[in-house]
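First up is the structure itself, then whatever we jot down about it.
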Amino acid sequence: MSFVLTLLGAMLAVALELLEALAIVLAVAVSRRTRDAVIGAAAAVAVCALAGALLGPVLVAKLASEPLELVIGVALLLFGLEWLRKGVLRLAGRRARSSAYAEFVEEREALAAAPPDGPDWAARTVAFKGVLLEGLEVILIVTALAGPEDSRAPALIGAGLAVALTVVVGLVLHRPLRRIPETELKYAVGVLLSSFGTFFAAEGLGVEWPAGDAALLAIAAVFVAASQAMASRLRLPRAAAA
Amino acid sequence: MTGFLHQLRLLVLGETRALPLGVAAAVLGAALVRELAGPEGWWQDAGGLVLLALVLAALLLSLRSNT
């Protein structure tokens, strides 16, 4: 049970973050030059790979089991609840729906000027910054999900599948980018990460969940029920939302 | 650079201070209840529900601060 949920959580979270990074890189490539977009993105990928290689082993080696679970739980709660908060606000109509396509259009408009003859540092910087910020979030989420020993394989498999999925989406853009129900997927990731966060943080505080890993499903159900109730309470009337 | 650091802070702590503060309060509150209850006994079986309730309260408060 926990294997499937970890894999799903890692895959969705990583795919959605990479999709946003892809939108920025594509916008740079379309508005300026592909070469500069790729150089900026590749530099950011190298920094993220270094951060991942350092962060994961250090975190696992330095902390004993219970403090590690507490640290991982708190990190997942910080990410998960933020995704869930935004998801509730979007479902309630109090925040614009999430759209990598809109981000693509916005970046493209911001980079509308013609590129210089030499190296286009502005374009490289935009691609670098976009990929670095999304990439660091990916590293932090995957490191946290892969922290407990039996979660390592599903978290890494999920992340790998997400990378493959994003590459496929990138190859056949841009129509699929508009069709992805990002708001709903991000809400689901929020529920999953918050559930894992609560589960691990409680274990770090000495809790033994009844039914073991299956408790994750019950926690996720509570998050869905509570957040849906919050969204319907916050929902704006149609006239006010328009 | 300042803009980048601002975005990095948003990435780790989120858009509102209420949420990280709420998470910290929830975890510290749960740890306090655990100390009061003792690490053995009912805490082992039901402590997760205490933390879950505190986390949901943190989410609710962060939404209220946003609307």
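Listed by first and then second residue, the pairs linking a residue in the range A:205-229 that is open to solvent by 60 Å² or more (accessible area, probe 1.4 Å) to a residue that is charged (D, E, K, R) and assigned to a helix (DSSP H, G or I), with Cβ atoms under 8 Å apart and 6 or more places separating them unless they lie on different chains, are A:Glu208/B:Asp45; A:Pro210/B:Asp45. Within the option set A:Arg152, A:Arg90, A:Arg108, A:Arg124, being open to solvent by 20 Å² or more (accessible area, probe 1.4 Å), modelled with pLDDT under 75 and part of a helix (DSSP H, G or I) holds for one residue only, A:Arg108. Just give me the residues in the range A:127-149 being open to solvent by 20 Å² or more (accessible area, probe 1.4 Å) and farther than 28 Å from A:Val4 by Cα, in sequence order. Correct list: A:Phe128, A:Lys129. Here is the figure for the range A:186-219: residues that are farther than 22 Å from A:Val138 by Cβ, at the interface with chain B (Cβ under 7 Å from one of its Cβ atoms) and within 21 Å of the chain's Cα centre (by Cα) total 1. Of the residues examined, A:Ser194 is one that is crowded, with 20+ Cβ neighbours inside 10 Å, of a type in the set (Ser, Thr, Tyr) and at pLDDT 90 or above.
If you go through the range B:47-67 and pick out every residue that is surrounded by fewer than 17 Cβ atoms within 10 Å (Cβ to Cβ) and facing chain A (nearest Cβ under 8 Å), you end up with 1. Looking across the range B:13-30 at every residue that is part of a helix (DSSP H, G or I) and open to solvent by less than 30 Å² (accessible area, probe 1.4 Å), the one that is nearest to A:Leu89 (Cα to Cα) is identified as B:Leu19.
Could you check the range A:22-42 and list, in sequence order, the residues that are among the basic types (Lys, Arg) and assigned to a helix (DSSP H, G or I)? Within the range A:22-42, A:Arg35 is the sole residue that qualifies.
Restricted to the range B:34-46, and to residues that are facing chain A (nearest Cβ under 9 Å) and out of contact with any Asp or Glu (no Cβ under 9 Å at 6 or more places or on another chain), which residue is surrounded by the fewest Cβ atoms within 10 Å (Cβ to Cβ)? Filtering the range B:34-46 for residues that are facing chain A (nearest Cβ under 9 Å) and out of contact with any Asp or Glu (no Cβ under 9 Å at 6 or more places or on another chain), the one surrounded by the fewest Cβ atoms within 10 Å (Cβ to Cβ) comes out as B:Glu40.
When A:Ser232 is tested against (1) farther than 30 Å from A:Asp150 by Cα; (2) at pLDDT below 90, exactly one condition is not met: (2).
The values are calculated or read from the model by the stated rules, or taken from the named source; none is laboratory data. Since the structure is predicted, the reported quantities are computational estimates derived from the model, not experimental observations. Please note: Cβ atoms are built from the backbone with ideal geometry, for glycine as well, and neighbour counts cover all protein chains shown. What goes into the accessible areas is simple: the full protein's heavy atoms, side chains included, and nothing from ligands, DNA or RNA. Shrake-Rupley method; radii C 1.70, N 1.55, O 1.52, S 1.80 Å.
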